[in-house]
1. Confirm whether ARG129 is crowded, with 20+ Cβ neighbours inside 10 Å, of a type in the set (Lys, Arg) and under 17 Å from the mean Cα position of the chain (by Cα).
2. Here are the criteria: (1) surrounded by fewer than 18 Cβ atoms within 10 Å (Cβ to Cβ); (2) under 19 Å from MET152 (Cα atoms); (3) of a type outside the set (Phe, Trp, Tyr); (4) touching a Phe, Trp or Tyr at 6+ places or on another chain (Cβ under 8 Å). Tell me which single one ASN348 does not satisfy.
3. Can you tell me which of SER31, SER64, SER60 is part of a loop (DSSP other than H, G, I, E, B), touching a residue at least 40 places away in the same chain (Cβ under 8 Å) and either over 24 Å from GLN7 (Cα atoms) or touching a helix residue (DSSP H, G or I) at 6+ places or on another chain (Cβ under 6 Å) (or both)?
4. With among the aliphatic types (A, V, I, L, M), touching a residue at least 40 places away in the same chain (Cβ under 8 Å) and touching a Ser or Thr at 6+ places or on another chain (Cβ under 8 Å) as the only criterion, which of LEU167, LEU103, LEU183, LEU153 stands out?
5. Inside region 415-454, can you point out the residues that are surrounded by 18 or more Cβ atoms within 10 Å (Cβ to Cβ) and at pLDDT below 50?
6. Are any of the residues in region 133-155 in a strand (DSSP E or B) and more than 14 Å from the chain's Cα centre (by Cα)?
7. Just to verify a result, which residue in region 351-373, among those that are touching a residue at least 40 places away in the same chain (Cβ under 8 Å) and within 12 Å of ALA161 (Cα to Cα), is surrounded by the fewest Cβ atoms within 10 Å (Cβ to Cβ)?
8. Of the conditions (1) out of contact with any Pro (no Cβ under 6 Å at 6 or more places or on another chain); (2) part of a loop (DSSP other than H, G, I, E, B); (3) of a type outside the set (D, E, K, R), LEU421 satisfies every one except a single condition; which number is it?
Amino acid sequence: MTAIHDQAMHYIYQQVLERLLNHMSRAQRASLQLLIQRLLVAAGGPEYMGTFRLLVLQGSDRRSTRLLAMLRAAQLSIALRAPVTFQLRVLVVSLPYAGSATLQSHERGFNALFMQDDPRVQLQMIDGREVVPFSSRLWAAPERRLRARDAMLMFGHLVDARPEALLGSRLHLELADALGFALQAPTDVLITAIPARQRCRYLAWARRSLRLVGERGPHVDQCLAALAHGLGRLHGMVGGPLDTRPQQSGGTAPEGTPVRVIAIDDLLPHWLEEQQLDVMLGCGFEAARDAWPLAAFVDPLAPAQLHELRAYSLEPQAGRPALRLAGLPGGNKRDLQQMQLGKAYGLNQAQLVCLLFRPFARRGKNLERYLKYRHAEMLVALPYLHRALQGKPCPDAVKVWLVNTSGLPLRQLRLIYEGRLPVTVWRLMNNLARRDVHLRLLPRRSMRQRRGSAGLP
């Protein structure tokens, strides 16, 4: 029975490969052969291919989809020529959350490539700080994302709550933290198609971020696991600045054989030209996103929705129009529950609006304005709010209101109010606030905005 099953599966895999080859141009098939040769050399020869373990990060763009199709074709091609082929581990990444449409698009591609039931393929996804089996119906429990939520709230309240900064280069630390955990499983090589220019930009940003907190050493350039572990430690500092020492990431320091990176961006251009593969793979990702490879792991709706929430929050409460969020049907009262970013991190709309106003920083300079715009009924309690944030006696109801409105415990709110953090943490946070998710410099805020006298940053 086992032999019959193996023979049937072999026939199915052969059909999948033939279908892939039929959708390829001559140039794409030539690129495939070059990829197979590179993998054989990297593995050390055909005799080691069966134990060769590849990891690929699956983003929400056509580049990632085509790369996966290319690797799958190589895996099946080697299996037809040799007794064994390499092990492929696919890690789906979509920060700060993975929407249902994104997950369903990934699932269509996996089904088209017949990867779900192949024992040589492992399909996983990042869910908070955990690596879990891939599922298009999986929605993370907010408890899994407590670390990421605290990092986002503390960063926004302390430094910069603009959507471009809040969901900017800081997310690369979040991804590195999760990748450090993923690399605890045995991995030989990470395959990437990110162009050389963007890779150099990322490494320069990573080295600068590590130097700001005193991390030095050439190891980050020689091993992916070492780099992920170092950046994960930075995410611990940003996510919980309650101590003077950096918080340790849950991942262990890498030991043994370094995890190498193989870049095949020079083989991918032919694969991005043809459109036939899109039909086969059911690719629903926009071609425009291919120009920004470093943003392939970020859901584009999150910053768009934050921008709309920011504009909506500045409208006077009287006669305020219904909130209409990007990617959602027309505005209605259910939009309060439909904002995916808040749902992913266990935050309600009021807490997200509070984050965008940053009312507690710089000893509450923007607190009165925030109350006028959003909580006029609390203006009478303004002196008590300042007392609570200063650690002085005040009614318990005021403390409860602060915690419920911000989503942060009172001790962290007092830290934000006083702004007393280690110098290294300040340096790191300000460096992160300077760049968006593409690692491009953000326009500087005016002095008036930096001092907190304007409504929203």
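1. For ARG129, the condition - crowded, with 20+ Cβ neighbours inside 10 Å, of a type in the set (Lys, Arg) and under 17 Å from the mean Cα position of the chain (by Cα) - is met.
2. (4)
3. Going through SER31, SER64, SER60 in turn, just one is part of a loop (DSSP other than H, G, I, E, B), touching a residue at least 40 places away in the same chain (Cβ under 8 Å) and either over 24 Å from GLN7 (Cα atoms) or touching a helix residue (DSSP H, G or I) at 6+ places or on another chain (Cβ under 6 Å) (or both): SER60.
4. LEU153
5. GLY452
6. Yes: region 133-155 contains one or more residues that are in a strand (DSSP E or B) and more than 14 Å from the chain's Cα centre (by Cα).
7. Step by step, filter region 351-373, then rank; the result is VAL353.
8. The number of the failed condition is (1).
The values are calculated or read from the model by the stated rules, or taken from the named source; none is laboratory data. Since the model is a prediction, treat every value here as computed from it, not as a measurement. Neighbour counts run over all protein chains shown; Cβ positions are idealised from the backbone, glycine included.
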